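The values are calculated or read from the model by the stated rules, or taken from the named source; none is laboratory data. Predicted, not measured: the structure shown is a model, and the values here were computed from it. No Cβ is skipped: glycine too gets one built from the backbone with ideal geometry, and neighbour counts run over all protein chains shown. Note: areas computed on protein heavy atoms with side chains; ligands, DNA, RNA excluded. Shrake-Rupley method; radii C 1.70, N 1.55, O 1.52, S 1.80 Å.
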Amino acid sequence: MVTGLKNPPTDHAGLLAWVAEVAELTTPDQIVWCDGSDAEWKRLTSELVAFGTLEPVPAKPDSFLARTNPNDVARVEERTFICSTNPEDAGPTNNWTSPEYMRETMTDLYRGSMRGRTMYVIPFCMGSLEAEKPMFGVEITDSAYVVISMHIMARMGTHVLEAMGGDAEYVPALHSVGAPLEPGQSDVSWPCNDTKYISHFPETREIWSYGSGYGGNSLLGKKCYALRIGSAMGRDEGWLAEHMLILRLTSPEGKVYHITGAFPSACGKTNLAMLEPTIPGWKVETLGDDIAWLRWGEDGRLWASNPEYGLFGVAPGTDYRTNPNAMRTIEKGHTLFTNVALTEEGDVWWEGMGEPPANATDWKGNEWTPDSEGLSSHPNSRFCTPIKQCPILSDAYEDPRGVPIDAILFGGRRATTIPLVTQARDWTHGVYMGATLSSETTAAAVGQVGVVRRDPMAMLPFIGYNAGDYFDHWIGMGKSADDESKLPSVFYVNWFRRDEDGGFLWPGFGENSRVLKWVVERLEGKAEAVETPIGFNPRPEDIDVEGLDMDPNDLAASLKVDPEEWKAELPLVEEWFTKIGNRLPTQLWAELDALKSRLGVD
Ligand code: GTP
Ligand code: SPV
Ligand code: MN
């Protein structure tokens, strides 16, 4: 028997059977039950440094840099699968295979895949352990990088295993980098496999991942569990798992609001969640920057909680001027950087962080100077840091109930058409806005960057079931509210509209507080808006621009609702809805028809 099976730290029979089964299949050298301790962090980071997977970042306490294989730098949407029995249940937006086919295919891949490696067992919990029903998971992985990342990103370790007791339900999440070692074969610093599968079995709530060590492909509590499996659970149980930030906004009068925002990958969630308002008297506190679980509260309102324990944020563009609170968070150390540059002074650097260093080592390990041709850091390079280090973390963060939501923002990255902010008429119109959300693709996923695609509710790569059913679930959540006035108001924002020269019309970042101000003043019935074909829109004079040095023409252009641009959008929406097919709720076709008639199109 492999060591690690003999004196296991749990008597959970189901878990022990699964660990034994995986060990038998993948044949690791040893099994390690992760305890989540500081000693474990120290041991694994030291081992990874000695081995060359990590390099210390001496300028920041207890921080490290990983350089991945250049072919393993982002989520792989083409290799992500939803394996429901019926292909219709995965829907037209997901890759599908039958569960049987995927189990067979991946079992073959996993056979012996951990040979020569250590198999780590990571008990974790998404969300609070104090929750009515704690959302347990266990990840088995052969990557120590995954273990230390999970130390930061999720509640994990012995206390979770103890809380699971002998019979708790959990989501089994199996991960292998797919790089077995023959006796005597030397290892590489970032093992992975050209063959990659990120597979989900929503009916049996299981996750199987193979071939990639990176972020959303390998930290299986995050996108795989908290979004894809989570969304399927939410459909069955009457809640929502969403790709959303959560923030608390306090007005100068001391009124407290909670806002969630669904923006696609690398479209500004982390930045908005940690915003430092530029308008006096307003305060933002952070609750979450990537994932929100939305559930009904006893008061009949929708409450949001963040199931994660850390931040896995986009590095490029992060700076004291754009996101000072993220900088303060990572400055405290205990941070893992992936695919950024390391300066001669032993600090990290990336594009968008002030003046470039004279000399650095780039993300591929090559010498880099400001004259070098390539980027110092991969566009999807990231910092992985404990959320507790965020200096503006809200005191409600640990509350298992979360916070009651006043407004939901949908947003995308669009150079044209979409105004800075629009308020939906009602819940169903808000669902229409979310369902038709569009955005330019980013480096967060492998593939072409800058292509406009529909990314409904910023969940295109994360809906664990049929997108038509998902929209229906959103509409149903509105219907199940005991009182429509208790539902959050929905808004649609776009920080990324551009002028003819390609520059951003709106300054963004801290200045987005001006938009948040308009949002809460709409909730309070204080701010003006005009009714346009697409919803309620502010005029330039409705946005507080005091102290903002901005060309009034740019402000007007950022807010503009151009009927011609919106008419051009209609066939794209029609094509999108047609693609979703017969499970698209009729209410959304009705919303499209209503929009057409308001635009004077029949
Ligand atoms: P994921 O972690 O991939 O889900 O991304 P995210 O939505 O949290 O995106 P993030 O806040 O990390 O921002 C992604 C990129 O957009 C970074 O390079 C930011 O600097 C940039 N960005 C964020 N907010 C703004 C904004 O208001 N205006 C502009 N111009 N850029 C922004
Ligand atoms: C995203 O792509 O939306 C992320 C990064 O938040 S990853 O965890 O890699 O999915
Ligand atoms: Mn994300």
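May I ask you to list pairs of residues, at least six apart or on different chains, whose Cβ atoms are under 8 Å apart, with the first in the stretch 1-25 being more than 20 Å from Met164 (Cα to Cα) and the second being open to solvent by 60 Å² or more (accessible area, probe 1.4 Å) and acidic (Asp, Glu)?
Val2/Asp29
Out of Asp472, Asp482, I need the residue that is in a helix (DSSP H, G or I), in contact (Cβ under 8 Å) with a residue 60 or more places away in the chain and away from ligand 2 (no atom under 16 Å from the Cβ). Which one?
Answer to the check: Asp472.
Whether any residue in the stretch 98-111 is among the small types (Gly, Ala, Ser) and either touching a residue at least 24 places away in the same chain (Cβ under 8 Å) or in contact with a Lys or Arg (Cβ under 8 Å, 6 or more places away or on another chain) (or both) is what I want to check.
Here is the first cut: in the stretch 98-111, the residues among the small types (Gly, Ala, Ser) are 98.
Subsequent filtering for residues that are either touching a residue at least 24 places away in the same chain (Cβ under 8 Å) or in contact with a Lys or Arg (Cβ under 8 Å, 6 or more places away or on another chain) (or both) retains none.
Looking through the stretch 98-111, none of the residues is among the small types (Gly, Ala, Ser) and either touching a residue at least 24 places away in the same chain (Cβ under 8 Å) or in contact with a Lys or Arg (Cβ under 8 Å, 6 or more places away or on another chain) (or both).
Residue-wise test of (1) more than 23 Å from Ile405 (Cα to Cα); (2) over 29 Å from the mean Cα position of the chain (by Cα); (3) touching a residue at least 40 places away in the same chain (Cβ under 8 Å).
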| residue | (1), (2), (3) |
| --- | --- |
| Gly503 | yes, no, no |
| Pro507 | yes, no, yes |
| Gly510 | no, no, yes |
| Ser513 | no, no, yes |
| Val519 | no, no, yes |
| Glu528 | no, yes, no |
| Glu531 | yes, yes, no |
| Asp542 | yes, yes, no |
| Asp549 | yes, yes, no |
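Starting from residues that are part of a loop (DSSP other than H, G, I, E, B), more than 16 Å from ligand 3 (Cβ to nearest atom) and within 20 Å of the chain's Cα centre (by Cα), keep the ones in the stretch 418-448 and report whichever is modelled with the lowest pLDDT.
The qualifying residue modelled with the lowest pLDDT is Gln448.
Could you go through the stretch 63-82 and let me know if any residue there is assigned to a helix (DSSP H, G or I), under 30 Å from Asp362 (Cα atoms) and open to solvent by 70 Å² or more (accessible area, probe 1.4 Å).
Within the stretch 63-82, one or more residues are assigned to a helix (DSSP H, G or I), under 30 Å from Asp362 (Cα atoms) and open to solvent by 70 Å² or more (accessible area, probe 1.4 Å).
Is there a residue being part of a loop (DSSP other than H, G, I, E, B), over 30 Å from Gly476 (Cα atoms) and within 16 Å of ligand 3 (Cβ to nearest atom) anywhere in the stretch 327-335?
No, because not a single residue in the stretch 327-335 is part of a loop (DSSP other than H, G, I, E, B), over 30 Å from Gly476 (Cα atoms) and within 16 Å of ligand 3 (Cβ to nearest atom).
Any residue that is in contact with an Asp or Glu (Cβ under 6 Å, 6 or more places away or on another chain) and of a type outside the set (Asp, Glu) - is there at least one of those in the stretch 385-394?
Step one: list which residues in the stretch 385-394 are in contact with an Asp or Glu (Cβ under 6 Å, 6 or more places away or on another chain), which gives 392, 394.
Next cut, of a type outside the set (Asp, Glu) only: 392, 394.
Yes, the stretch 385-394 contains a residue that is in contact with an Asp or Glu (Cβ under 6 Å, 6 or more places away or on another chain) and of a type outside the set (Asp, Glu).
Confirm whether Pro461 is open to solvent by less than 10 Å² (accessible area, probe 1.4 Å) and within 16 Å of ligand 1 (Cβ to nearest atom).
Taking the combined requirement at face value, the residue does not satisfy it.
Considering only the stretch 83-95, state which residues are part of a helix (DSSP H, G or I) and among the hydrophobic types (A, V, I, L, M, F, W, C).
Ala90
Going through the stretch 449-458 one residue at a time, which ones are open to solvent by 10 Å² or more (accessible area, probe 1.4 Å) and not in a loop (DSSP other than H, G, I, E, B)?
Val452, Arg453, Arg454
Give the number of residues within the stretch 96-124 that are open to solvent by 50 Å² or more (accessible area, probe 1.4 Å), under 23 Å from Ile463 (Cβ atoms) and not in a helix (DSSP H, G or I).
Of the residues in the stretch 96-124, 1 are open to solvent by 50 Å² or more (accessible area, probe 1.4 Å), under 23 Å from Ile463 (Cβ atoms) and not in a helix (DSSP H, G or I).
Are any residues in the stretch 514-523 surrounded by 20 or more Cβ atoms within 10 Å (Cβ to Cβ) and not aliphatic (A, V, I, L, M), and if so, which ones? If you could, list the steps in order and put the result at the bottom.
Taking the stretch 514-523 first, the residues surrounded by 20 or more Cβ atoms within 10 Å (Cβ to Cβ) are 514-520, 522.
Correct list: Arg514, Lys517, Trp518, Arg522.
Would you list the helices (runs of 4 or more DSSP H) that sit entirely within the stretch 195-274 and hold 1 or more residues that are open to solvent by 10 Å² or more (accessible area, probe 1.4 Å) and more than 15 Å from ligand 1 (Cβ to nearest atom)?
Filter on the stretch 195-274 gives 230-237.
Could you please find all residues in the stretch 275-316 being open to solvent by 10 Å² or more (accessible area, probe 1.4 Å), part of a strand (DSSP E or B) and of a type in the set (S, T, N, Q)?
If the condition is that a residue be open to solvent by 10 Å² or more (accessible area, probe 1.4 Å), part of a strand (DSSP E or B) and of a type in the set (S, T, N, Q), then Ser305 is the only one that fits.
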